[in-house]
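The values are calculated or read from the model by the stated rules, or taken from the named source; none is laboratory data. Keep in mind it's a predicted model, so treat the numbers as computed, not measured. All Cβ positions, glycine included, derive from the backbone under ideal geometry; neighbour counts span all protein chains shown.
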Amino acid sequence: MGVEDLDELNQRLAKLIDLKLPKGMGPMMNRGMEVFEALRRVGLGPSKTTKAPVQEVVITDKPDVPHLAVWSRRDGLIAPRAARGLEHERDEEAELNCTHMAFGMSKRAAENVVREIDRFLKRHT
């Protein structure tokens, strides 16, 4: 997404809930880039001529809508500081006790995400 896309998205949002979306930090501050580079070095990733999928835009401002950051310090891939953001980058945060993959694979984690979203929406409706 480019900056223009983010501006247009911001105008259309009523509420924002993110799962581990990096905020306020460059993309190299997360372990995902380390994994990408390690795979490329051993020939398992894209060729050396392929650029890393880096989003150069660093989001430091909170959208003008209620924003919930769902994150986990046990993520292992997204740095906690990036996932949760600073106070001015979100309205609320919900810390879950799960790994990065569990966010999308674990029934318990999914139930916790839904519960946190439900609580957030009830407070901001």
> Considering only residues of the stretch 95-113 that are among the polar types (S, T, N, Q) and outside any helix (DSSP H, G or I), which is surrounded by the fewest Cβ atoms within 10 Å (Cβ to Cβ)?
Replying inline: 97
> Of (1) in contact with a helix residue (DSSP H, G or I) (Cβ under 6 Å, 6 or more places away or on another chain); (2) at pLDDT below 85; (3) within 27 Å of residue 109 (Cα to Cα), residue 52 satisfies all except one. Which?
Replying inline: (3)
> Among the residues of the stretch 73-82, is any out of contact with any helix residue (DSSP H, G or I) (no Cβ under 9 Å at 6 or more places or on another chain) and either in a helix (DSSP H, G or I) or at pLDDT 90 or above (or both)?
Replying inline: yes
> Of 65, 70, which residue is under 26 Å from residue 122 (Cβ atoms), over 12 Å from the mean Cα position of the chain (by Cα), aliphatic (A, V, I, L, M) and modelled with pLDDT of 75 or more?
Replying inline: 65
> Considering only residues of the stretch 74-94 that are charged (D, E, K, R) and exposed (fewer than 15 other Cβ atoms within 10 Å of the Cβ), which is farthest from residue 120 (Cα to Cα)?
Replying inline: 74
